[in-house]
Amino acid sequence: MSESRIYKPTKTAMQSGQRNTKQWVLEFEPEHGYDIDTLMGWIGSTDMRQQVKLKFNSKQDAVTFAERHGIDYQVHTPKQRRLRPKNYSDNYNYKFRFE
């Protein structure tokens, strides 16, 4: 069987909220590269497994599914976000700006 990866998706640059970042995803790695259509310039593939993305509520559910079905997997743990507290008044603070 081919290798797959289990990860928790990050938010896109266009998102300010945390939507679509709560679930874990099992995604198959492509078995071979893409084919280029010389006439139109489109790319395509005959590998249907790379179109499959399975979503799970927890990492353990995804790992259990992969082991039950004999799928080789690699778990990518997400990095923790650092939140820095900010105040609007700091934009106009002289000491904050020039030190």
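Values as computed for the structure displayed
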read-out	value
Sequence-distant lysines (8 or more away, or on other chains) whose Cα lies within less than 26 Å of LYS22	LYS8, LYS11, LYS53, LYS55, LYS59, LYS79, LYS86
Angle in degrees between helix 59-68 and the longest Cα principal axis of the chain, rounded to the nearest 10	10
P(r) histogram, all alpha-carbon pairs of the chain included - 5 Å bins from 0, percent	2, 10, 14, 14, 12, 12, 10, 7, 5, 5, 5, 3, 0
Net lengthening on full extension, PHE65/GLN23 (0.36 nm per residue, minus Cα-Cα)	13.7 nm
Inter-probe distance in nm under a simple model that places probes 7 Å from Cα toward Cβ, at LYS53 and SER89	4.3
Dipole of the chain, positive end: most advanced residue of HIS69, PRO30, LEU83 [Cβ charges, Cα centre]	LEU83
Efficiency of FRET from Cβ geometry, TRP42 and HIS76, R₀ 25 Å, rounded to 0.05	0.25
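Each value in this text was obtained by applying a stated rule to the coordinates, not by laboratory testing. All of these numbers come straight from a predicted model, not from anything done at the bench. Virtual Cβ from ideal backbone geometry, glycine too; neighbours counted across all protein chains shown.
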